1. Mind checking which residues of region A:265-288 are closer than 22 Å to A:Lys107 by Cα and either within 14 Å of chain B (Cβ to nearest Cβ) or outside any helix (DSSP H, G or I) (or both)?
2. Take the residues in region A:66-109 that are of a type in the set (Gly, Ala, Ser) and closer than 20 Å to A:Asp27 by Cα, then tell me which one is nearest to the other protein chains (Cβ to nearest Cβ).
3. Which residue out of A:Gly125, A:Gly106, A:Gly93, A:Gly56 is touching a residue at least 12 places away in the same chain (Cβ under 8 Å) and open to solvent by less than 10 Å² (accessible area, probe 1.4 Å)?
4. In this structure, is B:Ala30 within 13 Å of chain A (Cβ to nearest Cβ), among the aliphatic types (A, V, I, L, M) and touching a Lys or Arg at 6+ places or on another chain (Cβ under 9 Å)?
5. Evaluate region A:197-209: report whether one residue or more is of a type in the set (A, V, I, L, M, F, W, C) and open to solvent by 50 Å² or more (accessible area, probe 1.4 Å).
6. Name the single residue, out of those in region A:17-53 being free of Cβ contacts under 8 Å to residues at least 12 places away in the same chain and either assigned to a helix (DSSP H, G or I) or within 21 Å of A:Ala282 (Cα to Cα) (or both), that is least open to solvent (accessible area, probe 1.4 Å).
7. Could you run through region B:23-48 and say how many residues are assigned to a loop (DSSP other than H, G, I, E, B), more than 21 Å from A:Gly148 (Cβ to Cβ) and open to solvent by less than 60 Å² (accessible area, probe 1.4 Å)?
8. Might you let me know whether region A:143-160 holds any residue that is outside any helix (DSSP H, G or I), open to solvent by less than 10 Å² (accessible area, probe 1.4 Å) and small (Gly, Ala, Ser)?
Amino acid sequence: MKEQNLADLEAAFNEKLKQDIRIEPKDWMPDAYRKTLIRQISQHAHSEIVGMLPEGNWITRAPNLRRKAVLLAKVQDEAGHGQYLYSAMETLGFSREQSIDDMHTGKAKYSSIFNYPTLTWADMGAVGWLVDGAAIMNQVPLCRTSYGPYARAMVRICKEESFHQRQGYEIMCTLMKGSEDQKAMAQDALNRFWWPALMMFGPSDAESTHTQQSIDWKIKRHTNDELRQMFVDASVPQAQLIGLTIPDPDLKWNEERGHYDFGEIDWEEFKQVVSGNGPCNAERIAARVKAKEEGMWVREAAMAYAEKKKAKKAS
Amino acid sequence: MAGKEWPLWEVFIRSKQGLNHKHVGSIHAADAEMAVENARDVYTRRSEGISIWVVESSQVFASDPADSDALFEPANSKIYRHPTFYEVPDGVGHM
């Protein structure tokens with residue numbers, strides 16, 4: 001392509017971003033923009049899929065039929081969200097199969113939160129309330145992200161996600177109205193999930209390598225630290241309302257800023273979990289690889305059957 | 001499944017009687033019947049539709065955004081196709 005032509009295309013692309021006109025699959029886009037989107041959307045899709053594992057762990061042990069039906073519906077939604085996102089990613093010309101293989105080899109990441117175990121029923125409350133709550137904080141601004149298929153997938157996901165957070169908070173409310181043991185179980189779940197939930201927003205702005213470019217491209221609309229602050233400000237009163245204590249001695253309302261101040265995140269732990277050394281990294285990947293390998297014959301058989309039917313119809 | 005990934009299908013949903021089928025996304029499936037079932041599971045978990053169309057993505061032929069100017073220009077220049085092009089006296093009322 002001629003240099004002048006490329007400059008024109010790039011100018012037209014930037015003009016669209018400036019005017020908040022969405023970029024669509026067949027439009028010209030810079031390679032780096034495409035790569036950033038593939039990385040972000042696939043990471044997001046993998047998170048939805050791996051995110052089914054910690055909750056799937058409790059489906060057979062839900063305390064009653066209502067909770068079981070709800071949890072089943074929630075986990076099914078996560079599978080659906082993964083599908084919307086993989087389908088958005090494929091519009092960028094990257095294959096789903098390749099993307100899944102990249103997750104299995106560790107080349108592609110998923111949210112570090114899913115590398116923590118879900119030890120008690122209260123964890124289903126903490127995960128729905130905090131993990132889905134943090135995800136919503138991240139995802140609502142993504143409904144206005146500059147790439148059309150990603151934005152449209154996020155609109156669908158956000159519509160479905162609010163039930164996830166409410167059902168989790170409801171579990172916490174119910175436990176907090178229960179026995180001393182049940183209250184302790186809820187508090188313990190909060191203690192274990194609070195800090196990992198804050199880590200979901202990623203490294204601090206000073207450390208984040210992708211943030212500025214992604215904001216210029218209008219892929220991201222807020223920085224990691226802005227979103228994290230919004231999450232803390234929203235969650236603290238919710239905890240207080242039902243008698244839970246946020247496990248952070250440095251947490252206090254800052255009148256001047258109009259926000260909560262909170263303690264330093266253990267970035268070393270974050271680094272360890274992201275780089276594969278969290279409590280469940282190996283287990284999660286092993287479960288995904290097993291699902292892919294053991295389901296392979298089914299997918300092959302379905303394809304062979306479809307081809308046979310097609311051949312029969314043609315003859 | 002080296003090279004044997006299920007084909008991609010575009011999904012169109014009619015949300016209620018009287019409206020068009022509208023593109024909602026895509027899914028993978030071995031054949032058309034399975035594509036409808038998968039589309040049902042992925043795109044209509046909350047009664048978003050009463051009818052589904054699926055079309056194999058490879059069968060869709062799309063216009064090229066780079067040709068948009070030439071392709072759509074003939075419509076842009078024919079403003080006399082719009083009612084506001086015509087002047088009528090104020091007294092005529094709604095027309």
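The values are calculated or read from the model by the stated rules, or taken from the named source; none is laboratory data. Predicted, not measured: the structure shown is a model, and the values here were computed from it. We place every Cβ from the backbone using ideal geometry, glycine too, and count neighbours over all the protein chains shown. Areas reflect the complete protein model, heavy atoms only, side chains present, ligands, DNA and RNA absent. Shrake-Rupley method; radii C 1.70, N 1.55, O 1.52, S 1.80 Å.
1. Hits for region A:265-288 are A:Gly278, A:Pro279, A:Cys280.
2. Looking only at region A:66-109, we keep the residues that are of a type in the set (Gly, Ala, Ser), and these are A:69, A:73, A:79-80, A:82, A:87-88, A:93, A:95, A:99, A:106, A:108.
If we keep only those that are closer than 20 Å to A:Asp27 by Cα too, we end up with A:87-88, A:93, A:95.
Details: A:Ser87: 5, A:Ala88: 8, A:Gly93: 12, A:Ser95: 7 Å.
Checking each candidate, the answer is A:Ser87.
3. Only one candidate passes the filter, namely A:Gly125.
4. yes
5. For region A:197-209, residues of a type in the set (A, V, I, L, M, F, W, C) and open to solvent by 50 Å² or more (accessible area, probe 1.4 Å): present.
6. So, considering only residues that are free of Cβ contacts under 8 Å to residues at least 12 places away in the same chain and either assigned to a helix (DSSP H, G or I) or within 21 Å of A:Ala282 (Cα to Cα) (or both), the one least open to solvent (accessible area, probe 1.4 Å) is A:Asp31.
7. Number satisfying all stated conditions: 5.
8. Looking for residues that are outside any helix (DSSP H, G or I), open to solvent by less than 10 Å² (accessible area, probe 1.4 Å) and small (Gly, Ala, Ser), one finds at least one in region A:143-160, hence yes.
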